[in-house]
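Before anything else, here's the structure in question.
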Amino acid sequence: YFKWNLISTHSSIFDNLFGDQYHEITITDTNSCSFSDSIFLSEPDAITFSANVTSYNTFGVSCQGSDDGEIIFSNVVGGTPNFEFSIDNGSSYSTDSILNNTNGYSIPANSYNLIVRDANSCTTNVVTVVVDEPGPFVVDAVATLGVSCFGENDGAITVNYMQLDSVFYGLSMT
């Protein structure tokens, strides 16, 4: 409870009040007649949300050096709709809750500081997500046996590759 006593002011507006509590107001005129009332100011719940990074075989982008990551905001509760979403610590916002190359967001491997902002410009605390990438792999193809005669299919190629993560890379030949 906050108590306000008005005796000599001519203002009927009280601002900078906290919400989610009662405010008691007493108004007294020049004849010492008083009127009191208790007013509850509500406030929206704090904004909370979930965020996911789309997975490409457990990584946030498809290949090392790619910028095809995707960050999805979901389960936004509290605040006052409509919501806006930031992946750059509030420097810019989007009305899209799914941010990817399709809607103009280049998302390479990196750490992203996420914020949700509501219609009253209230914001959440920063939530950090990491978009990771697979390690590099190196391929070395060597002709190990030439074809013996025209039209034959007895040649061979040896492919050596090194992968630095647990993702399997398929081999194919055309």
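The values are calculated or read from the model by the stated rules, or taken from the named source; none is laboratory data. A quick note: this is a predicted structure, and the numbers were derived from the prediction, not measured. Don't worry about glycine lacking a Cβ; one is built from the backbone with ideal geometry, like all the others, and counts go over all protein chains shown. The accessibility values were calculated without ligands, DNA or RNA, using every heavy atom of the protein model including side chains. Shrake-Rupley method; radii C 1.70, N 1.55, O 1.52, S 1.80 Å.
Could you derive backbone 3J(HN,Hα) for the range 12-24 from the dihedral phi with the Karplus parameters 6.51, -1.76 and 1.60 (θ = phi - 60°), listing whole Hz in sequence and x where the residue is Gly or Pro?
Once rounded to whole Hz, the list reads 10, 10, 10, 10, 6, 9, 6, x, 6, 7, 8, 10, 9.
Given a 1.4 angstrom probe, what's the average accessible area per residue across the chain, in square angstrom?
For the chain, the solvent-accessible area averages 68 Å² per residue.
With θ set to phi - 60° and the Karplus curve 6.51 cos²θ - 1.76 cosθ + 1.60, what are the ³J(HN,Hα) couplings of the range 104-109 in order, to the nearest whole Hz, using x for Gly and Pro?
Using θ = phi - 60°, the values come out as x, 10, 7, 10, x, 4 Hz.
Tell me the label-point distance for the pair Ser148, Phe40, using the 7 Å Cα-to-Cβ offset, in nm and rounded to one decimal.
Simple spin-label model gives 9.3 nm for this pair.
Treating only the Cβ atoms of Lys and Arg (+1) and Asp and Glu (-1) as charged, compute the dipole magnitude of the chain about its Cα centre; round to the nearest 20 debye.
So the magnitude is around 220 debye.
Could I ask something else about it? With a 10 Å radius around each residue's Cβ, average the other Cβ atoms per peptide and rank 140-149, 17-26, 95-104, highest first.
Descending mean neighbour count gives 95-104, 17-26, 140-149.
Sticking with this structure for a sec: Hey, can you rank 33-39, 62-68 by average C-beta count inside 10 Å, highest first?
The packing order, highest mean first, is 62-68, 33-39.
Okay, moving on. Keeping the other protein chains in place, figure out the carbon and sulfur percent of the accessible area of the chain, with a 1.4 Å probe.
52 percent
Same structure again: Can you find, among Ala143, Phe40, Ser92, the residue sitting farthest towards the positive end of the charge dipole of the chain, where Lys and Arg contribute +1 and Asp and Glu -1 at Cβ?
Farthest along the dipole direction, towards plus: Phe40.
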